[in-house]
Amino acid sequence: MTKHGLTETSALVVLRPGSRTREILNWTLVLGLCAVLGFGPLAFGVVQPWSICVLELAVPSLVVIWAARETASGDFHIINNHLYIPMALFASVVLIQISFRLTAYWYITWTKGLLWGCYAGLFFLVSQVFHERRPLFIFGLFCAGYGFLLALFAIIQQFTSNGKIYWVVPNRHGGWIYGPYVNHAHYAGLMEMLVPFALVFALTNWAGRSGRSFFLFATIVMSSTIFLSQSLGGMIAFAAELAVLSLVLIRGTRVLFRSSRPAYGEIAIVILLCIVLTLWLAWLRPAGLVDRLARLLNPISDAGVTGRVAIVRDSLKMLRDRPVLGWGLGTFPVVYPVYRSFFTNLWVNEAHNDFVQTLVETGVVGFTFAASFLVLLCHKGIHNLKHWRSDTQSSIALAAFLGCIGILVHSFFDFNLQIPANAAFFFVLSALVTARFSNSKVSHDLDRMRG
(Lines give C-alpha, C1' and ligand atoms only; values in the text may rest on other atoms or scores of the structure.)
Protein backbone atom coordinates (compact mmCIF):
# COMPACT_ATOMS: atom_id res chain seq x y z
CA MET A 1 0.00 0.00 0.00
CA THR A 2 2.76 2.41 0.98
CA LYS A 3 4.80 1.59 -2.04
CA HIS A 4 1.76 1.99 -4.26
CA GLY A 5 0.98 5.35 -2.67
CA LEU A 6 4.57 6.54 -3.22
CA THR A 7 4.33 5.51 -6.85
CA GLU A 8 1.15 7.54 -7.33
CA THR A 9 2.69 10.55 -5.59
CA SER A 10 5.85 10.40 -7.66
CA ALA A 11 3.77 10.08 -10.82
CA LEU A 12 1.90 13.24 -9.90
CA VAL A 13 5.18 15.03 -9.32
CA VAL A 14 6.39 13.97 -12.74
CA LEU A 15 3.17 14.97 -14.49
CA ARG A 16 2.83 18.42 -12.98
CA PRO A 17 5.96 19.98 -14.55
CA GLY A 18 4.99 18.57 -17.95
CA SER A 19 1.45 19.84 -17.63
CA ARG A 20 2.71 23.26 -16.55
CA THR A 21 5.15 23.38 -19.46
CA ARG A 22 2.39 22.45 -21.87
CA GLU A 23 0.18 25.21 -20.48
CA ILE A 24 2.96 27.80 -20.84
CA LEU A 25 3.65 26.72 -24.41
CA ASN A 26 -0.06 26.72 -25.21
CA TRP A 27 -0.47 30.34 -24.12
CA THR A 28 2.74 31.21 -25.94
CA LEU A 29 1.06 29.92 -29.08
CA VAL A 30 -2.11 31.92 -28.39
CA LEU A 31 -0.18 35.15 -27.87
CA GLY A 32 2.15 34.38 -30.76
CA LEU A 33 -0.71 33.87 -33.19
CA CYS A 34 -2.31 37.14 -32.07
CA ALA A 35 1.05 38.92 -32.46
CA VAL A 36 1.62 37.56 -35.97
CA LEU A 37 -1.86 38.50 -37.13
CA GLY A 38 -1.66 41.91 -35.47
CA PHE A 39 1.72 42.58 -37.07
CA GLY A 40 0.43 42.07 -40.63
CA PRO A 41 -1.88 45.08 -41.08
CA LEU A 42 0.50 47.38 -39.20
CA ALA A 43 3.28 46.39 -41.63
CA PHE A 44 1.30 47.82 -44.58
CA GLY A 45 -0.39 44.47 -45.19
CA VAL A 46 2.88 42.45 -45.43
CA VAL A 47 3.54 43.39 -49.05
CA GLN A 48 7.21 44.29 -48.68
CA PRO A 49 10.10 41.77 -48.64
CA TRP A 50 11.11 42.48 -45.03
CA SER A 51 7.61 41.94 -43.64
CA ILE A 52 7.10 38.81 -45.77
CA CYS A 53 10.36 37.50 -44.30
CA VAL A 54 9.10 38.17 -40.77
CA LEU A 55 5.89 36.26 -41.51
CA GLU A 56 7.73 33.33 -43.08
CA LEU A 57 10.05 33.08 -40.06
CA ALA A 58 7.35 33.55 -37.43
CA VAL A 59 4.94 30.86 -38.61
CA PRO A 60 7.50 27.98 -38.68
CA SER A 61 8.69 29.14 -35.24
CA LEU A 62 5.15 28.80 -33.92
CA VAL A 63 4.93 25.33 -35.47
CA VAL A 64 8.09 24.37 -33.57
CA ILE A 65 6.52 25.67 -30.35
CA TRP A 66 3.41 23.59 -31.06
CA ALA A 67 5.62 20.51 -31.55
CA ALA A 68 7.31 21.26 -28.22
CA ARG A 69 3.88 21.56 -26.58
CA GLU A 70 2.85 18.16 -27.88
CA THR A 71 6.15 16.65 -26.75
CA ALA A 72 5.61 18.06 -23.27
CA SER A 73 2.21 16.37 -23.15
CA GLY A 74 3.76 12.98 -23.93
CA ASP A 75 2.39 12.36 -27.42
CA PHE A 76 1.58 14.10 -30.67
CA HIS A 77 -2.15 14.61 -30.99
CA ILE A 78 -3.27 16.27 -34.24
CA ILE A 79 -6.85 17.53 -34.35
CA ASN A 80 -8.43 16.82 -37.71
CA ASN A 81 -10.09 19.43 -39.90
CA HIS A 82 -12.20 18.67 -42.98
CA LEU A 83 -10.42 21.39 -44.95
CA TYR A 84 -7.03 19.70 -44.73
CA ILE A 85 -7.88 17.57 -47.77
CA PRO A 86 -8.75 20.34 -50.27
CA MET A 87 -5.80 22.36 -48.99
CA ALA A 88 -3.45 19.42 -49.54
CA LEU A 89 -4.86 18.84 -53.03
CA PHE A 90 -4.43 22.51 -53.92
CA ALA A 91 -0.86 22.37 -52.60
CA SER A 92 -0.20 19.35 -54.82
CA VAL A 93 -1.15 21.41 -57.88
CA VAL A 94 1.37 24.09 -56.90
CA LEU A 95 4.03 21.43 -56.23
CA ILE A 96 3.45 19.95 -59.68
CA GLN A 97 3.81 23.42 -61.23
CA ILE A 98 7.10 23.92 -59.38
CA SER A 99 8.52 20.41 -59.78
CA PHE A 100 7.82 20.08 -63.51
CA ARG A 101 8.31 23.79 -64.25
CA LEU A 102 4.76 24.15 -65.52
CA THR A 103 4.78 27.82 -64.64
CA ALA A 104 5.46 30.97 -66.63
CA TYR A 105 7.89 32.18 -63.96
CA TRP A 106 9.30 29.49 -61.69
CA TYR A 107 10.75 31.81 -59.03
CA ILE A 108 7.49 33.71 -58.51
CA THR A 109 5.54 30.48 -58.11
CA TRP A 110 8.14 29.20 -55.67
CA THR A 111 8.04 32.34 -53.49
CA LYS A 112 4.25 32.51 -53.68
CA GLY A 113 4.08 28.84 -52.71
CA LEU A 114 6.19 29.57 -49.61
CA LEU A 115 3.78 32.35 -48.66
CA TRP A 116 0.75 30.09 -49.10
CA GLY A 117 2.58 27.51 -47.01
CA CYS A 118 2.56 30.08 -44.20
CA TYR A 119 -1.21 30.45 -44.59
CA ALA A 120 -1.52 26.68 -44.33
CA GLY A 121 0.68 26.74 -41.22
CA LEU A 122 -1.55 29.35 -39.60
CA PHE A 123 -4.63 27.32 -40.50
CA PHE A 124 -3.09 24.22 -38.92
CA LEU A 125 -2.01 26.02 -35.76
CA VAL A 126 -5.41 27.62 -35.21
CA SER A 127 -7.08 24.22 -35.64
CA GLN A 128 -4.78 22.80 -32.95
CA VAL A 129 -4.81 25.72 -30.49
CA PHE A 130 -8.27 27.31 -30.59
CA HIS A 131 -10.41 24.24 -30.06
CA GLU A 132 -10.88 24.99 -26.35
CA ARG A 133 -13.15 27.66 -24.95
CA ARG A 134 -10.72 29.97 -23.14
CA PRO A 135 -8.06 30.45 -25.90
CA LEU A 136 -10.85 30.85 -28.45
CA PHE A 137 -12.57 33.47 -26.31
CA ILE A 138 -9.30 35.39 -25.89
CA PHE A 139 -8.79 35.38 -29.64
CA GLY A 140 -12.32 36.66 -30.22
CA LEU A 141 -11.65 39.54 -27.83
CA PHE A 142 -8.36 40.21 -29.62
CA CYS A 143 -10.11 40.50 -32.99
CA ALA A 144 -12.76 42.86 -31.62
CA GLY A 145 -10.28 44.98 -29.62
CA TYR A 146 -7.62 45.09 -32.31
CA GLY A 147 -10.17 46.07 -34.96
CA PHE A 148 -11.57 48.81 -32.72
CA LEU A 149 -8.15 50.34 -32.01
CA LEU A 150 -7.14 50.12 -35.66
CA ALA A 151 -10.39 51.81 -36.70
CA LEU A 152 -9.79 54.64 -34.22
CA PHE A 153 -6.31 55.13 -35.64
CA ALA A 154 -7.66 55.14 -39.19
CA ILE A 155 -10.27 57.80 -38.35
CA ILE A 156 -7.71 60.01 -36.60
CA GLN A 157 -5.27 59.64 -39.48
CA GLN A 158 -7.97 60.45 -42.05
CA PHE A 159 -8.99 63.72 -40.43
CA THR A 160 -5.41 64.81 -39.63
CA SER A 161 -3.79 63.39 -42.76
CA ASN A 162 -0.71 64.87 -44.38
CA GLY A 163 -0.81 62.30 -47.20
CA LYS A 164 1.55 59.86 -45.47
CA ILE A 165 0.92 56.55 -43.70
CA TYR A 166 1.50 56.98 -39.96
CA TRP A 167 2.11 60.65 -40.88
CA VAL A 168 5.73 59.77 -41.76
CA VAL A 169 5.77 57.07 -44.48
CA PRO A 170 5.41 58.65 -47.95
CA ASN A 171 3.00 57.20 -50.48
CA ARG A 172 5.38 56.62 -53.37
CA HIS A 173 3.03 54.51 -55.51
CA GLY A 174 0.07 56.88 -55.61
CA GLY A 175 -2.43 54.56 -53.95
CA TRP A 176 -5.54 55.61 -52.05
CA ILE A 177 -4.21 55.13 -48.53
CA TYR A 178 -6.40 54.39 -45.54
CA GLY A 179 -5.19 53.34 -42.13
CA PRO A 180 -1.92 51.42 -42.48
CA TYR A 181 -2.78 50.23 -46.02
CA VAL A 182 -1.73 51.80 -49.31
CA ASN A 183 -5.02 50.64 -50.84
CA HIS A 184 -8.25 51.69 -49.11
CA ALA A 185 -10.06 48.58 -50.37
CA HIS A 186 -7.61 46.33 -48.53
CA TYR A 187 -8.26 48.17 -45.28
CA ALA A 188 -11.98 47.63 -45.85
CA GLY A 189 -11.30 43.93 -46.50
CA LEU A 190 -9.55 43.58 -43.16
CA MET A 191 -12.29 45.41 -41.30
CA GLU A 192 -14.96 43.17 -42.89
CA MET A 193 -13.31 40.24 -41.15
CA LEU A 194 -12.98 41.95 -37.75
CA VAL A 195 -16.32 43.79 -37.42
CA PRO A 196 -18.40 40.57 -36.97
CA PHE A 197 -16.56 39.72 -33.74
CA ALA A 198 -17.62 42.94 -32.05
CA LEU A 199 -21.10 42.65 -33.55
CA VAL A 200 -21.69 39.07 -32.39
CA PHE A 201 -20.39 39.95 -28.92
CA ALA A 202 -22.92 42.80 -28.86
CA LEU A 203 -25.68 40.29 -29.62
CA THR A 204 -24.78 37.80 -26.88
CA ASN A 205 -25.69 38.01 -23.19
CA TRP A 206 -22.45 37.01 -21.51
CA ALA A 207 -20.99 40.54 -21.40
CA GLY A 208 -23.94 42.15 -19.61
CA ARG A 209 -25.63 45.40 -20.61
CA SER A 210 -22.53 47.58 -20.29
CA GLY A 211 -20.39 45.11 -22.22
CA ARG A 212 -22.93 44.81 -25.01
CA SER A 213 -23.10 48.61 -25.24
CA PHE A 214 -19.32 48.83 -25.59
CA PHE A 215 -19.19 46.17 -28.30
CA LEU A 216 -22.04 47.87 -30.15
CA PHE A 217 -20.10 51.14 -30.00
CA ALA A 218 -16.99 49.34 -31.26
CA THR A 219 -19.03 47.84 -34.10
CA ILE A 220 -20.28 51.28 -35.14
CA VAL A 221 -16.77 52.75 -35.15
CA MET A 222 -15.26 49.80 -37.04
CA SER A 223 -18.03 49.53 -39.63
CA SER A 224 -18.02 53.31 -40.20
CA THR A 225 -14.42 53.12 -41.38
CA ILE A 226 -15.49 50.77 -44.18
CA PHE A 227 -17.63 53.64 -45.47
CA LEU A 228 -15.06 56.30 -44.61
CA SER A 229 -12.48 54.39 -46.65
CA GLN A 230 -14.96 54.72 -49.55
CA SER A 231 -14.36 51.19 -50.79
CA LEU A 232 -17.42 50.23 -52.84
CA GLY A 233 -16.52 46.54 -52.61
CA GLY A 234 -16.18 46.91 -48.85
CA MET A 235 -19.63 48.50 -48.56
CA ILE A 236 -21.20 45.71 -50.60
CA ALA A 237 -19.40 43.05 -48.55
CA PHE A 238 -20.49 44.63 -45.25
CA ALA A 239 -24.08 44.75 -46.52
CA ALA A 240 -23.78 41.05 -47.40
CA GLU A 241 -22.60 40.27 -43.86
CA LEU A 242 -25.57 42.10 -42.36
CA ALA A 243 -27.91 40.31 -44.79
CA VAL A 244 -26.60 36.88 -43.77
CA LEU A 245 -26.79 37.77 -40.08
CA SER A 246 -30.33 39.10 -40.52
CA LEU A 247 -31.30 35.88 -42.25
CA VAL A 248 -29.95 33.93 -39.29
CA LEU A 249 -31.85 36.11 -36.83
CA ILE A 250 -35.14 36.27 -38.73
CA ARG A 251 -35.44 32.83 -40.31
CA GLY A 252 -32.35 30.79 -39.58
CA THR A 253 -33.15 29.66 -36.05
CA ARG A 254 -36.71 28.75 -36.99
CA VAL A 255 -36.30 27.24 -40.45
CA LEU A 256 -32.80 25.77 -40.39
CA PHE A 257 -32.85 24.47 -36.84
CA ARG A 258 -36.55 24.15 -36.09
CA SER A 259 -36.41 26.52 -33.16
CA SER A 260 -39.36 28.77 -32.53
CA ARG A 261 -37.64 31.22 -30.17
CA PRO A 262 -37.83 34.67 -31.76
CA ALA A 263 -34.75 36.88 -32.04
CA TYR A 264 -36.47 40.23 -31.69
CA GLY A 265 -33.86 41.64 -29.31
CA GLU A 266 -30.96 40.82 -31.62
CA ILE A 267 -32.88 42.15 -34.65
CA ALA A 268 -33.47 45.41 -32.79
CA ILE A 269 -29.73 45.72 -32.10
CA VAL A 270 -28.90 45.27 -35.81
CA ILE A 271 -31.51 47.90 -36.76
CA LEU A 272 -30.11 50.23 -34.11
CA LEU A 273 -26.63 49.66 -35.53
CA CYS A 274 -27.76 50.71 -39.01
CA ILE A 275 -29.54 53.82 -37.71
CA VAL A 276 -26.67 55.01 -35.52
CA LEU A 277 -24.13 54.22 -38.24
CA THR A 278 -26.07 56.39 -40.69
CA LEU A 279 -26.28 59.26 -38.19
CA TRP A 280 -22.59 58.92 -37.33
CA LEU A 281 -21.57 59.14 -41.00
CA ALA A 282 -23.93 62.06 -41.57
CA TRP A 283 -22.31 63.90 -38.66
CA LEU A 284 -18.77 63.22 -39.91
CA ARG A 285 -19.67 64.28 -43.48
CA PRO A 286 -16.66 62.65 -45.18
CA ALA A 287 -15.85 64.30 -48.50
CA GLY A 288 -16.75 62.23 -51.56
CA LEU A 289 -18.73 59.51 -49.75
CA VAL A 290 -22.07 60.51 -51.30
CA ASP A 291 -20.54 60.50 -54.79
CA ARG A 292 -19.04 57.07 -54.17
CA LEU A 293 -22.37 55.69 -53.00
CA ALA A 294 -24.06 57.17 -56.07
CA ARG A 295 -21.85 54.98 -58.26
CA LEU A 296 -23.61 51.92 -56.88
CA LEU A 297 -26.81 53.10 -58.59
CA ASN A 298 -25.21 52.80 -62.04
CA PRO A 299 -22.13 50.60 -61.77
CA ILE A 300 -21.87 49.84 -65.50
CA SER A 301 -20.90 53.43 -66.25
CA ASP A 302 -18.16 53.46 -63.63
CA ALA A 303 -14.69 53.45 -65.21
CA GLY A 304 -13.28 51.21 -62.48
CA VAL A 305 -15.99 48.60 -63.06
CA THR A 306 -15.58 48.57 -66.84
CA GLY A 307 -11.82 48.18 -66.41
CA ARG A 308 -12.31 45.19 -64.09
CA VAL A 309 -14.75 43.61 -66.54
CA ALA A 310 -12.15 43.97 -69.32
CA ILE A 311 -9.50 42.32 -67.12
CA VAL A 312 -11.82 39.40 -66.40
CA ARG A 313 -12.59 39.00 -70.10
CA ASP A 314 -8.87 38.99 -70.93
CA SER A 315 -8.23 36.53 -68.11
CA LEU A 316 -10.61 34.02 -69.66
CA LYS A 317 -8.49 34.17 -72.82
CA MET A 318 -5.48 33.32 -70.66
CA LEU A 319 -7.36 30.35 -69.24
CA ARG A 320 -8.19 29.09 -72.72
CA ASP A 321 -4.46 28.68 -73.48
CA ARG A 322 -3.67 26.81 -70.24
CA PRO A 323 -6.93 25.38 -68.90
CA VAL A 324 -5.77 22.41 -66.82
CA LEU A 325 -3.05 23.58 -64.42
CA GLY A 326 -2.95 27.27 -65.29
CA TRP A 327 0.01 29.59 -65.73
CA GLY A 328 1.50 29.13 -62.28
CA LEU A 329 0.67 30.48 -58.84
CA GLY A 330 1.48 34.19 -58.63
CA THR A 331 2.27 34.65 -62.33
CA PHE A 332 -0.80 36.67 -63.35
CA PRO A 333 0.99 40.06 -63.52
CA VAL A 334 3.78 38.51 -65.60
CA VAL A 335 1.55 36.88 -68.22
CA TYR A 336 -1.35 39.34 -68.39
CA PRO A 337 0.30 42.12 -70.49
CA VAL A 338 0.35 39.79 -73.52
CA TYR A 339 -3.43 39.37 -73.30
CA ARG A 340 -4.40 42.90 -72.30
CA SER A 341 -7.02 44.29 -74.69
CA PHE A 342 -6.99 47.95 -73.64
CA PHE A 343 -4.43 50.70 -73.26
CA THR A 344 -3.29 51.86 -69.86
CA ASN A 345 -0.14 53.41 -68.48
CA LEU A 346 -0.76 51.61 -65.17
CA TRP A 347 0.65 48.23 -64.19
CA VAL A 348 -2.15 45.68 -63.86
CA ASN A 349 -0.66 43.72 -60.98
CA GLU A 350 -3.71 41.57 -60.13
CA ALA A 351 -6.95 40.40 -61.76
CA HIS A 352 -9.08 42.42 -59.29
CA ASN A 353 -11.09 39.23 -58.83
CA ASP A 354 -9.55 36.57 -56.59
CA PHE A 355 -11.70 33.78 -58.06
CA VAL A 356 -10.71 34.55 -61.64
CA GLN A 357 -7.06 34.92 -60.67
CA THR A 358 -7.06 31.54 -58.93
CA LEU A 359 -8.65 30.01 -62.02
CA VAL A 360 -6.02 31.51 -64.32
CA GLU A 361 -3.02 30.69 -62.14
CA THR A 362 -3.94 27.13 -61.09
CA GLY A 363 -6.30 26.08 -63.88
CA VAL A 364 -9.52 24.15 -63.63
CA VAL A 365 -7.90 21.54 -61.37
CA GLY A 366 -6.64 24.02 -58.79
CA PHE A 367 -9.84 26.05 -58.93
CA THR A 368 -11.90 22.90 -58.29
CA PHE A 369 -9.94 22.19 -55.12
CA ALA A 370 -10.26 25.83 -54.01
CA ALA A 371 -14.01 25.72 -54.67
CA SER A 372 -14.35 22.51 -52.63
CA PHE A 373 -12.56 24.31 -49.79
CA LEU A 374 -15.19 27.07 -49.90
CA VAL A 375 -18.10 24.63 -50.14
CA LEU A 376 -16.94 22.73 -47.04
CA LEU A 377 -16.29 26.04 -45.29
CA CYS A 378 -19.86 27.24 -45.89
CA HIS A 379 -21.36 23.87 -44.95
CA LYS A 380 -19.53 23.81 -41.63
CA GLY A 381 -20.28 27.47 -41.02
CA ILE A 382 -24.01 26.92 -41.39
CA HIS A 383 -23.84 23.87 -39.12
CA ASN A 384 -22.17 25.90 -36.35
CA LEU A 385 -24.99 28.46 -36.30
CA LYS A 386 -27.18 26.18 -34.25
CA HIS A 387 -25.99 27.12 -30.75
CA TRP A 388 -24.43 30.53 -31.31
CA ARG A 389 -26.59 32.27 -28.67
CA SER A 390 -25.77 29.94 -25.79
CA ASP A 391 -22.28 28.69 -26.65
CA THR A 392 -19.21 30.95 -26.75
CA GLN A 393 -17.39 28.73 -29.21
CA SER A 394 -20.30 28.70 -31.66
CA SER A 395 -20.77 32.47 -31.38
CA ILE A 396 -17.14 33.08 -32.29
CA ALA A 397 -17.48 30.57 -35.12
CA LEU A 398 -20.47 32.62 -36.36
CA ALA A 399 -18.38 35.80 -36.26
CA ALA A 400 -15.61 34.06 -38.19
CA PHE A 401 -18.15 32.76 -40.72
CA LEU A 402 -19.55 36.25 -41.30
CA GLY A 403 -16.01 37.55 -41.75
CA CYS A 404 -15.31 34.87 -44.36
CA ILE A 405 -18.54 35.73 -46.18
CA GLY A 406 -17.58 39.41 -46.27
CA ILE A 407 -14.09 38.91 -47.67
CA LEU A 408 -15.30 36.35 -50.23
CA VAL A 409 -17.97 38.75 -51.50
CA HIS A 410 -15.36 41.49 -51.71
CA SER A 411 -13.09 39.12 -53.64
CA PHE A 412 -15.45 39.37 -56.61
CA PHE A 413 -14.44 43.03 -56.97
CA ASP A 414 -10.88 43.20 -55.69
CA PHE A 415 -7.79 41.21 -54.73
CA ASN A 416 -7.81 41.18 -50.93
CA LEU A 417 -6.63 37.56 -50.82
CA GLN A 418 -3.47 38.57 -52.67
CA ILE A 419 -2.53 40.76 -49.69
CA PRO A 420 -0.71 38.51 -47.17
CA ALA A 421 -2.08 40.17 -44.02
CA ASN A 422 -5.67 39.80 -45.20
CA ALA A 423 -5.14 36.31 -46.59
CA ALA A 424 -3.65 35.22 -43.26
CA PHE A 425 -6.73 36.48 -41.41
CA PHE A 426 -9.01 34.71 -43.90
CA PHE A 427 -7.35 31.33 -43.38
CA VAL A 428 -7.37 31.80 -39.62
CA LEU A 429 -11.10 32.58 -39.70
CA SER A 430 -11.65 29.57 -41.96
CA ALA A 431 -9.96 27.39 -39.36
CA LEU A 432 -12.21 28.82 -36.63
CA VAL A 433 -15.32 28.12 -38.70
CA THR A 434 -14.39 24.49 -39.27
CA ALA A 435 -12.54 23.71 -36.01
CA ARG A 436 -13.55 20.73 -33.89
CA PHE A 437 -14.37 22.40 -30.60
CA SER A 438 -14.05 20.66 -27.28
CA ASN A 439 -17.28 20.05 -25.37
CA SER A 440 -18.16 23.38 -23.77
CA LYS A 441 -18.89 21.95 -20.30
CA VAL A 442 -15.77 19.81 -20.25
CA SER A 443 -13.68 22.69 -21.53
CA HIS A 444 -15.14 24.99 -18.87
CA ASP A 445 -14.36 22.50 -16.11
CA LEU A 446 -10.81 22.11 -17.38
CA ASP A 447 -10.38 25.87 -17.48
CA ARG A 448 -11.53 26.12 -13.84
CA MET A 449 -9.10 23.38 -12.80
CA ARG A 450 -6.19 25.01 -14.63
CA GLY A 451 -7.10 28.42 -13.20
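The values are calculated or read from the model by the stated rules, or taken from the named source; none is laboratory data. Computed from a predicted structure; not experimentally measured. We place every Cβ from the backbone using ideal geometry, glycine too, and count neighbours over all the protein chains shown.
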| Quick one: is residue 249 under 21 Å from residue 409 (Cβ atoms), at pLDDT below 90 and in contact with a helix residue (DSSP H, G or I) (Cβ under 6 Å, 6 or more places away or on another chain)? | yes
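With respect to residue 124, determine if the residue is farther than 23 Å from residue 218 by Cβ and surrounded by 15 or more Cβ atoms within 10 Å (Cβ to Cβ). Show your work before the answer.
Numbers: farther than 23 Å from residue 218 by Cβ: yes; surrounded by 15 or more Cβ atoms within 10 Å (Cβ to Cβ): yes.
Judged against the criteria, residue 124 is a match.
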| task | Could you tell me whether segment 102-112 includes any residue that is within 29 Å of residue 150 (Cα to Cα) and either surrounded by 16 or more Cβ atoms within 10 Å (Cβ to Cβ) or at pLDDT 95 or above (or both)? | result | yes
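Give the residue, chosen from 201, 148, 153, 217, that is more than 21 Å from residue 409 (Cβ to Cβ), in contact with a Phe, Trp or Tyr (Cβ under 6 Å, 6 or more places away or on another chain) and either outside any helix (DSSP H, G or I) or not acidic (Asp, Glu) (or both). I'd like the intermediate steps shown before the answer.
Numbers: 148 fails: in contact with a Phe, Trp or Tyr (Cβ under 6 Å, 6 or more places away or on another chain); 153 fails: in contact with a Phe, Trp or Tyr (Cβ under 6 Å, 6 or more places away or on another chain); 217 fails: in contact with a Phe, Trp or Tyr (Cβ under 6 Å, 6 or more places away or on another chain).
Of the residues listed, the single one that is more than 21 Å from residue 409 (Cβ to Cβ), in contact with a Phe, Trp or Tyr (Cβ under 6 Å, 6 or more places away or on another chain) and either outside any helix (DSSP H, G or I) or not acidic (Asp, Glu) (or both) is 201.
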| What do you reckon, is residue 78 aliphatic (A, V, I, L, M) and closer than 25 Å to residue 167 by Cβ? | no
| Among 177, 165, 220, which is closer than 27 Å to residue 384 by Cβ and among the β-branched types (Val, Ile, Thr)? | 220
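Yes or no: segment 70-77 includes at least one residue that is over 18 Å from the mean Cα position of the chain (by Cα), of a type outside the set (Phe, Trp, Tyr) and under 20 Å from residue 431 (Cα atoms).
Taking segment 70-77 first, the residues over 18 Å from the mean Cα position of the chain (by Cα) are 70-77.
Pick out the ones that are also of a type outside the set (Phe, Trp, Tyr) and you get 70-75, 77.
After this cut, where a residue has to be under 20 Å from residue 431 (Cα atoms) as well, the list is 70, 77.
Yes - at least one qualifying residue is present in segment 70-77.
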| field | Residues (among the aliphatic types (A, V, I, L, M), modelled with pLDDT under 95 and surrounded by fewer than 17 Cβ atoms within 10 Å (Cβ to Cβ)) located in segment 339-370 | value | 346
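Per-residue answers, yes or no, for (1) over 16 Å from the mean Cα position of the chain (by Cα); (2) at pLDDT below 95:
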residue: 189; (1), (2): no, no
residue: 192; (1), (2): no, no
residue: 212; (1), (2): yes, yes
residue: 219; (1), (2): yes, no
residue: 222; (1), (2): no, no
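Tell me the residue from 305, 255 that is at pLDDT below 80, surrounded by fewer than 13 Cβ atoms within 10 Å (Cβ to Cβ), of a type in the set (Val, Ile, Thr) and part of a helix (DSSP H, G or I), please.
Numbers: 305 fails: surrounded by fewer than 13 Cβ atoms within 10 Å (Cβ to Cβ).
Result: 255 is the single residue among 305, 255 that is at pLDDT below 80, surrounded by fewer than 13 Cβ atoms within 10 Å (Cβ to Cβ), of a type in the set (Val, Ile, Thr) and part of a helix (DSSP H, G or I).
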| Residue match in segment 213-225 (condition: surrounded by fewer than 20 Cβ atoms within 10 Å (Cβ to Cβ) and among the small types (Gly, Ala, Ser)) | yes
| Quick check: is even one residue across segment 273-291 touching a helix residue (DSSP H, G or I) at 6+ places or on another chain (Cβ under 9 Å), in a helix (DSSP H, G or I), β-branched (Val, Ile, Thr) and at pLDDT 90 or above? | yes
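Residues checked against (1) out of contact with any strand residue (DSSP E or B) (no Cβ under 9 Å at 6 or more places or on another chain); (2) surrounded by 12 or more Cβ atoms within 10 Å (Cβ to Cβ); (3) touching a residue at least 12 places away in the same chain (Cβ under 8 Å):
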{"residue": "165", "(1), (2), (3)": "no, yes, yes"}
{"residue": "168", "(1), (2), (3)": "yes, no, no"}
{"residue": "186", "(1), (2), (3)": "no, yes, yes"}
{"residue": "191", "(1), (2), (3)": "yes, yes, yes"}
{"residue": "210", "(1), (2), (3)": "yes, no, no"}
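With the requirement that a residue be assigned to a helix (DSSP H, G or I), small (Gly, Ala, Ser) and out of contact with any Asp or Glu (no Cβ under 8 Å at 6 or more places or on another chain), what does segment 221-248 give you? Even if it seems obvious, please write down each step before you answer.
Let us first name the residues in segment 221-248 that are assigned to a helix (DSSP H, G or I), namely 221-228, 232-248.
Among the residues that remain, those that are also small (Gly, Ala, Ser) are: 223-224, 233-234, 237, 239-240, 243, 246.
Result: 223, 224, 239, 240, 243, 246.
Mind listing just one residue for me: the one in segment 48-68 that is of a type outside the set (Val, Ile, Thr) and under 12 Å from residue 35 (Cβ atoms) and, of those, farthest from the chain's Cα centre (by Cα)?
Within segment 48-68, the first condition is being of a type outside the set (Val, Ile, Thr), and the residues that meet it are 48-51, 53, 55-58, 60-62, 66-68.
Of the ones still in play, those that are also under 12 Å from residue 35 (Cβ atoms) are 55, 58, 61-62.
Numbers: 55: 16, 58: 18, 61: 21, 62: 19 Å.
Per the stated criteria, the residue is 61.
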| message | Cβ contacts < 6 Å: first residue in contact (Cβ under 8 Å) with a residue 12 or more places away in the chain, restricted to segment 88-104; second residue in a loop (DSSP other than H, G, I, E, B) and hydrophobic (A, V, I, L, M, F, W, C), any location; separation 6+ or different chain. Result? | response | 94/329; 102/325; 104/327
| said: So, in segment 31-68, how many residues would count as being buried (at least 21 other Cβ atoms within 10 Å of the Cβ) and either touching an Asp or Glu at 6+ places or on another chain (Cβ under 9 Å) or farther than 19 Å from residue 116 by Cα (or both)? | reply: 1
| field | Subset of segment 336-384 that is part of a loop (DSSP other than H, G, I, E, B) and hydroxyl-bearing (Ser, Thr, Tyr) - its residue that is nearest to residue 317 (Cα to Cα) | value | 341
